[in-house]
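The values are calculated or read from the model by the stated rules, or taken from the named source; none is laboratory data. Because the structure is predicted, anything quoted here is derived from the model rather than measured. Because the Cβ atoms are built from the backbone with ideal geometry, glycine has one as well, and the counts that use them run over all protein chains shown.
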Amino acid sequence: MNKHNRLLAILNDVFGMENIHKSQFRKVGQDFDEKTNEHIFYIEYLVRETGDLVTTSRLAKRKPKKKLKEQELLRQINARVR
């Protein structure tokens with residue numbers, strides 16, 4: 001097992017995904033902190049799980065919120081009229 005595979009296995013264990021189909025990481029950036037003399041590496045960790053995905057459209061999610069806002073507006077108008 002090389003260092004790359006070992007780090008990937010550790011990331012999988014740390015984040016505890018159950019049904020991992022594919023996982024990977026890549027180096028996004030690198031920096032050096034002069035105050036503490038530390039090298040800083042930024043990585044991106046990507047996970048794809050197996051199983052059925054349940055999706056809903058964005059419009060379906062927004063409609064109930066809009067109705068709630070309209071109902072709240074009507075309540076405020078009615079309260080001011082009374």
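How many residues are closer than 16 Å to residue 5 by Cβ and within 17 Å of the chain's Cα centre (by Cα) when one looks only at region 27-49?
4
Output the residue which, of all residues in region 42-59 that are among the aliphatic types (A, V, I, L, M) and modelled with pLDDT of 80 or more, is surrounded by the fewest Cβ atoms within 10 Å (Cβ to Cβ).
46
Is it the case that some residue within region 22-35 is at negative phi, at pLDDT 75 or above and β-branched (Val, Ile, Thr)?
Within region 22-35 (the criterion being at negative phi, at pLDDT 75 or above and β-branched (Val, Ile, Thr)), the answer is yes, since at least one residue qualifies.
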